[in-house]
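The values are calculated or read from the model by the stated rules, or taken from the named source; none is laboratory data. All figures in this text were calculated on a predicted structure; none of them were measured in a lab. Please note: Cβ atoms are built from the backbone with ideal geometry, for glycine as well, and neighbour counts cover all protein chains shown.
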Amino acid sequence: MRLTAVVALSYLVLARVAGAGSRPCGDDVPCDCGDVLVSGRTLGDGDPITQHACDGDGLVVRLRPGAASAVLDLGNHILVGNHRGVGIRVVGGDGTVTITGPGAVRSFRTGIDAPGGALGHVGDVVTSDNDADGFNVAGAGFAITSCEATRNGRDGFALRGLRYRVEGNRATENGRFGFSLAGRNAALGGTLGNEAAGNRRDGLLVRGRNHEVVRAVATANGRGGIRARLAGGSLEAAVATGNHGAGVHGRAHDATIADSVARGNGGAGIDVRGSRVRDGGGNRAARCRVGAACR
């Protein structure tokens, strides 16, 4: 997920600030700041947006009518802003837009913004030092995988919707929550899980119905490690260590908490209360309550 040292050095040459272009780009047409991406594109040194900082939006993604899908490949480049606008703003594409790295979006108001359901997948992208959220995404069936959000002013990942998937991501040193996750029937973790470390408030805030939260790791966050308000679903194999507040805490209804560990937190280790909250076994903490005292 991390950019190579060679690419990171390109920060030093991004000195000139460009205004918005508002021209169509994609396929064989290079992209500049403020341009509208209407088809797929792999960014290269010939794209002006990779050579200087942007004074407003970086790229606006609005596919041509009838376009089946499109991939924006950052090509191991960094999009840099001037703390205004959005790095990549997805406004059209019927859930068929893919953004892939390696690459990064840095120092805009928001890193990647896709609140209208047009985004299908983001993979291997870093958002850092943006004033608000690193990722702000809503929709149905989208996926955020192997991405990183660090030192953003608000949330690292602000995600909501239906049946979306979040896997193998890391949120560090963000100004509010590492992950703010809401909606229904989301797969939050799995084989790789997700990690939140050193965020100012809770590492992971999870709200909604029938989410499956698996292998969440929360370390040294300014408040709680994992805070949940769940109806249905489960939280399994969570690890919360060294958080200022409780390790795993919240309220739930008809949900299962299992195989989770909390150590060295400032508040309760595991404390999840509510009706029909089930202790699935394997929970370990100095102070552990899942509905009642843990087994």
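Are any residues in region 266-289 within 18 Å of Arg215 (Cβ to Cβ) and either touching a residue at least 24 places away in the same chain (Cβ under 8 Å) or crowded, with 16+ Cβ neighbours inside 10 Å (or both), and if so, which ones?
Of everything in region 266-289, those that are within 18 Å of Arg215 (Cβ to Cβ) and either touching a residue at least 24 places away in the same chain (Cβ under 8 Å) or crowded, with 16+ Cβ neighbours inside 10 Å (or both) turn out to be Gly269, Ile270, Val272, Gly280, Gly282, Asn283, Arg284, Ala285.
Go through (1) surrounded by 17 or more Cβ atoms within 10 Å (Cβ to Cβ); (2) out of contact with any His (no Cβ under 7 Å at 6 or more places or on another chain) and name the single condition Leu188 misses.
(2)
Checking Ala53 against (1) surrounded by 19 or more Cβ atoms within 10 Å (Cβ to Cβ); (2) modelled with pLDDT under 95: exactly one of these is not met. Which one?
All conditions are met except number (2).
What tally of residues in region 159-172 results from selecting those that are of a type in the set (Gly, Ala, Ser), surrounded by fewer than 24 Cβ atoms within 10 Å (Cβ to Cβ) and under 11 Å from the mean Cα position of the chain (by Cα)?
Going through region 159-172 one residue at a time, the tally reaches 1.
Only one of these conditions is not met by Asp73: (1) over 17 Å from Leu119 (Cα atoms); (2) touching a strand residue (DSSP E or B) at 6+ places or on another chain (Cβ under 6 Å); (3) surrounded by fewer than 21 Cβ atoms within 10 Å (Cβ to Cβ); (4) acidic (Asp, Glu). Which number is it?
Evaluating Asp73 over (1) over 17 Å from Leu119 (Cα atoms); (2) touching a strand residue (DSSP E or B) at 6+ places or on another chain (Cβ under 6 Å); (3) surrounded by fewer than 21 Cβ atoms within 10 Å (Cβ to Cβ); (4) acidic (Asp, Glu) leaves (1) as the failure.
Filtering region 74-94 down to residues that are touching a Leu at 6+ places or on another chain (Cβ under 9 Å) and assigned to a loop (DSSP other than H, G, I, E, B), which residue is farthest from Asp28 (Cα to Cα)?
Filtering first and then ranking leaves Asp94.
Could you figure out which of (1) under 22 Å from Asn76 (Cα atoms); (2) surrounded by fewer than 24 Cβ atoms within 10 Å (Cβ to Cβ) isn't true of Gly156?
All conditions pass for Gly156, except number (2).
Within 23 Å of Arg170 (Cα to Cα) and either under 23 Å from the mean Cα position of the chain (by Cα) or not hydroxyl-bearing (Ser, Thr, Tyr) (or both): is that true of Arg64 in this structure?
Against the criterion (within 23 Å of Arg170 (Cα to Cα) and either under 23 Å from the mean Cα position of the chain (by Cα) or not hydroxyl-bearing (Ser, Thr, Tyr) (or both)), Arg64 does not qualify.
For Val71, indicate whether it is in contact with an Asp or Glu (Cβ under 9 Å, 6 or more places away or on another chain), among the hydrophobic types (A, V, I, L, M, F, W, C) and part of a strand (DSSP E or B).
no
Of the residues in region 98-123, how many are more than 22 Å from Gly46 (Cβ to Cβ) and assigned to a strand (DSSP E or B)?
10
Out of (1) outside any strand (DSSP E or B); (2) out of contact with any His (no Cβ under 9 Å at 6 or more places or on another chain); (3) crowded, with 24+ Cβ neighbours inside 10 Å, the odd one out for Val137 is which?
Evaluating Val137 over (1) outside any strand (DSSP E or B); (2) out of contact with any His (no Cβ under 9 Å at 6 or more places or on another chain); (3) crowded, with 24+ Cβ neighbours inside 10 Å leaves (1) as the failure.
Go through Val61, Val97, Val80 for me and flag whichever is closer than 14 Å to Gly111 by Cβ and without any contact (Cβ under 8 Å) to a residue 60 or more places away in the chain.
None of the others qualify; the one that does is Val61.
Report, by residue number, each residue of region 102-121 that is surrounded by 23 or more Cβ atoms within 10 Å (Cβ to Cβ) and either closer than 18 Å to Arg165 by Cβ or in contact with a Phe, Trp or Tyr (Cβ under 7 Å, 6 or more places away or on another chain) (or both).
Gly111, Ile112, Ala114, Leu119
Of the residues Ser69, Ser39, which is in contact with a Gly (Cβ under 6 Å, 6 or more places away or on another chain), at pLDDT below 95 and polar (S, T, N, Q)?
Residue meeting the stated conditions: Ser39.
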